[in-house]
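> For reference, the structure I am asking about is given below.
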């Protein structure tokens, strides 16, 4: 029994070690100032990396609002198989103003890292703690070609595989 436990523990540690090292393949650093109050409100999801929790969703939108406890309420909405879908979460602030910790599943939080933000808060590139998470959000359902190219160039410069982006169907 003790030997089985050690084998299982070794396997788990190996998986954690390899997944942790794989997560450092991109530059997910943040910089600059961030004003949470200017960031609050509606954001359209323009593109994302594929994840089971968003698979098949179109017309995706996120709303961020301040809660009484100082955290941020997160309401994600979209359409899946012709039916509206919503998920509610929360985000807490960190010591770094451009990194939030977001949770949709109980006590489990993940990084929400502001990688590139338009000065007018009209579009944003968001990453996570690994190369598995990337989102492009906008205040409008469409981006200009120039803005899209700026965001894609920055994503590629940081080491993200932009060919993995799923372009979300949005209203025209």
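> Could you list all residues from the range 119-157 that are under 15 Å from the mean Cα position of the chain (by Cα) and assigned to a loop (DSSP other than H, G, I, E, B)?
Within the range 119-157, 128, 129, 130, 131, 132, 133 qualify.
> Moving on to the next point. I need every pair where a residue in the range 34-61 that is free of Cβ contacts under 8 Å to residues at least 40 places away in the same chain and at positive phi has its Cβ under 8 Å from the Cβ of a residue that is exposed (fewer than 15 other Cβ atoms within 10 Å of the Cβ) and part of a loop (DSSP other than H, G, I, E, B), sequence separation at least 6 or different chains.
What qualifies is 56/81.
> Please state which one of 103, 97 is more than 16 Å from residue 44 (Cβ to Cβ) and in a strand (DSSP E or B).
Only one candidate passes the filter, namely 103.
> Now a separate question. Suppose the filter is surrounded by 13 or more Cβ atoms within 10 Å (Cβ to Cβ), modelled with pLDDT under 95 and touching a strand residue (DSSP E or B) at 6+ places or on another chain (Cβ under 8 Å); does residue 134 pass it?
no
> Follow-up. Where residues in the range 29-57 are surrounded by 13 or more Cβ atoms within 10 Å (Cβ to Cβ) and part of a strand (DSSP E or B), which of them is nearest to the chain's Cα centre (by Cα)?
Filtering the range 29-57 for residues that are surrounded by 13 or more Cβ atoms within 10 Å (Cβ to Cβ) and part of a strand (DSSP E or B), the one nearest to the chain's Cα centre (by Cα) comes out as 48.
> Can you spot a residue in the range 147-159 that is modelled with pLDDT under 95 and either touching a strand residue (DSSP E or B) at 6+ places or on another chain (Cβ under 8 Å) or exposed (fewer than 15 other Cβ atoms within 10 Å of the Cβ) (or both)?
Scanning the range 147-159 turns up no residue that is modelled with pLDDT under 95 and either touching a strand residue (DSSP E or B) at 6+ places or on another chain (Cβ under 8 Å) or exposed (fewer than 15 other Cβ atoms within 10 Å of the Cβ) (or both).
> Still on this structure, I have one more. In the range 71-84, what count of residues is obtained for those that are in contact (Cβ under 8 Å) with a residue 12 or more places away in the chain, over 16 Å from residue 112 (Cβ atoms) and outside any strand (DSSP E or B)?
The qualifying residues number 1.
> Of the numbered conditions (1) out of contact with any helix residue (DSSP H, G or I) (no Cβ under 7 Å at 6 or more places or on another chain); (2) modelled with pLDDT of 90 or more; (3) closer than 20 Å to residue 154 by Cβ, residue 49 fails exactly one; give the number of that condition.
(1)
> Which of the residues that make up the range 85-98 are closer than 26 Å to residue 25 by Cβ and either at pLDDT 95 or above or surrounded by 17 or more Cβ atoms within 10 Å (Cβ to Cβ) (or both)?
Passing the criteria: 91, 98.
> Which numbered condition trips up residue 64, out of (1) within 30 Å of residue 153 (Cβ to Cβ); (2) at pLDDT below 95; (3) part of a strand (DSSP E or B)?
(2)
> Among the residues of the range 103-112, how many are surrounded by fewer than 20 Cβ atoms within 10 Å (Cβ to Cβ) and closer than 16 Å to residue 28 by Cα?
Adding up the residues that qualify gives 2.
The values are calculated or read from the model by the stated rules, or taken from the named source; none is laboratory data. Computed from a predicted structure; not experimentally measured. Methodologically, a virtual Cβ is constructed for each residue, glycine included, from the backbone with ideal geometry; neighbour enumeration extends over all protein chains shown.
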